[in-house]
Structures are given as structure tokens and as C-alpha cells.
Amino acid sequence: MRVTRAQAEQNRAHIVATAARLFRERGYDAVGVAELMAAAGFTHGGFYKHFRSKADLMAEASASGLSQTAARTEGLDPAEFVESYVSREHRDGRGDGCTIAALSGDAARQPADIKTEFAAGIENLLTALQAPSDTPGDANQRAARTMVIDMLAHSVGAIMLSRACPDDSPLADEILDACRKEILASLAHDNSDQPAALGPEA
């Protein structure tokens with residue numbers, strides 16, 4: 001039976017979504033093409049109708065996962081992001097969680113095209129987390145970007161360290177609790193340093 005172009009596009013999107021989830025759960029190298037296609041409900045041979053290689057799928061799945069993370073972050077202020085991100089729910093939900101926390105270590109050992117996707121995804125997430133400025137490029141905006149980079153790096157590191165411990169390890173929870181508390185305290189301190197808005201003159 002002939003597959004329509006629309007159905008082929010849906011199939012490809014489903015394979016990409018399945019790959020993104022499996023890669024987050026187990027890493028790039030631990031997921032083979034045959035297993036991935038079976039998980040998506042297709043035959044191994046059908047893979048090459050959609051992708052030239054596993055590396056191409058890895059790059060596309062990474063871009064898809066990174067876009068999902070940025071989309072979920074839209075509308076959250078930094079403190080709300082930290083409360084959600086540096087949490088046991090996120091740590092334990094690896095397959096549905098952030099691609100950056102799940103695969104940054106793997107991406108560092110991958111070809112340049114995957115690193116390029118990660119750089120773009122991280123930039124999009126930073127943009128989603130940083131409040132817009134009326135004066136792009138000014139000192140306040142640069143300081144806000146530095147704060148968001150620092151917050152994101154600490155949040156990602158907290159999840160990665162916690163996941164590196166056994167699931168039932170007290171240390172795994174202690175890492176999350178300590179890091180979340182310190183990141184939130186740092187955000188509160190940074191906000192208190194911002195000059196107060198001037199009210200209308202009496």
C-alpha cells in the first residue's frame with residue numbers, strides 16, 4: 001500500500017520523537033537503529049527511507065528535544081524554572097526530561113553537527129529564560145544573561161550529579177535539595193541588587 005507524503009511525514013516525526021525519548025533515557029550509543037525502529041513500530045529497513053544515517057537522526061532528535069525544553073520554559077520566571085527543573089520528578093523522568101541534562105555528556109563526544117544543535121538549543125533556552133530588555137546590549141541585559149547562564153549551568157549540573165548516584169541514595173536527594181536552595185538564594189540576591197523602579201513624581 002502506497003504511503004502518502006503526509007503519512008510519511010507523520011511517520012518520520014514519530015521516529016524522531018521516539019528516538020529523542022530513547023536517547024534521553026539511555027544515551028546515543030546504547031540505542032541501535034533496529035531497536036529504535038521497533039520501538040516506533042516500524043521495520044529496520046524502513047529507517048533509510050527517512051534518514052541517511054543514525055548520526056542524522058541523532059542531530060534531528062536532539063534539535064527536537066531541545067526545542068521542546070525551550071517551549072516548556074516559555075512563560076516561567078527563573079525561580080519557577082529552578083523549582084521545576086531541580087526536582088526529583090525531573091531527575092527520575094529522564095525520558096521526558098531536558099535533553100541538555102540527559103545528553104550533554106554524550107554530545108561532547110559527538111560530531112560537530114550535534115554540538116551545533118546543542119549550542120542552538122542552549123541559546124534558545126537562555127532566550128526563553130531571560131526577560132526582554134528595552135535596551136538590547138546594555139549592561140543590565142548582559143548582567144541578566146550572565147545570571148541566566150550561571151543558573152542554567154548549576155541546574156543542569158545538579159540533575160547530572162544526582163542521576164549519577166543510585167536512585168535510592170540519600171546523596172542523590174541531598175544534591176538536589178542543596179543546589180535548589182542555593183540557586184534560588186542566588187536569584188533572590190541578584191534581584192535584590194537590581195535598582196528599584198522609579199515611581200511617578202508627586
Problem set entry | Over region 8-48: Kirkwood hydrodynamic radius from C-alpha pairwise inverse distances, Å | 10.1
Problem set entry | Relative contact order for the chain, counting Cα pairs under 8 Å that sit 6 or more residues apart, in percent | 22
For this session: Compute the length gained on full extension between residue 186 and residue 113: take 0.36 nm times their separation in residues and subtract their Cα-Cα distance, giving the result in nm to one decimal.
Result: 22.8 nm
Problem set entry | Options [x] 1.13; [y] 1.06; [z] 0.94 - which one matches Rg/Rh (Cα atoms, Kirkwood Rh) as calculated here | [y]
Exercise. So what is the relative contact order of region 67-154, in percent, for Cα pairs below 8 Å that sit 6 or more residues apart?
Worked result: 36
Exercise. Using helices alone, what [θ] at 222 nm do you get for the chain, with -39,500 (n - 2.57) per DSSP H run of 4 or more residues, divided over all residues and rounded to the nearest 500?
Worked result: -22500 deg cm²/dmol
For this session: Go through 159, 46, 10 and say which Cα lies farthest out towards the positive end of the charge dipole of the chain; charges sit on Cβ, +1 for Lys and Arg, -1 for Asp and Glu.
Result: 46
Exercise. Under DSSP H, which helices of the chain have Cα atoms covering 15 Å or more of the helix axis and a Kyte-Doolittle average no less than -0.5?
Worked result: 54-73, 112-129, 139-164, 170-192
Seminar exercise, completed: Regression test value, accessible area per residue of region 1-142, probe 1.4 Å, units Å², expected 54
For this session: Quick one: check the C-alpha center-to-center distance for region 142-165 versus region 1-55, whole angstrom.
Result: 31
Exercise. For region 67-140, what is one quarter of the convex hull surface built on the Cα atoms, given in nm²?
Worked result: 6.1
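The values are calculated or read from the model by the stated rules, or taken from the named source; none is laboratory data. Just so it is clear, the structure is predicted and the values come from calculations on it, not from any experiment. When we count neighbours, we look across all protein chains shown, and the Cβ atoms used for this are built from the backbone with ideal geometry, even at glycine. The area values use the complete protein model at the heavy-atom level, side chains included, leaving out ligands, DNA and RNA. Shrake-Rupley method; radii C 1.70, N 1.55, O 1.52, S 1.80 Å.
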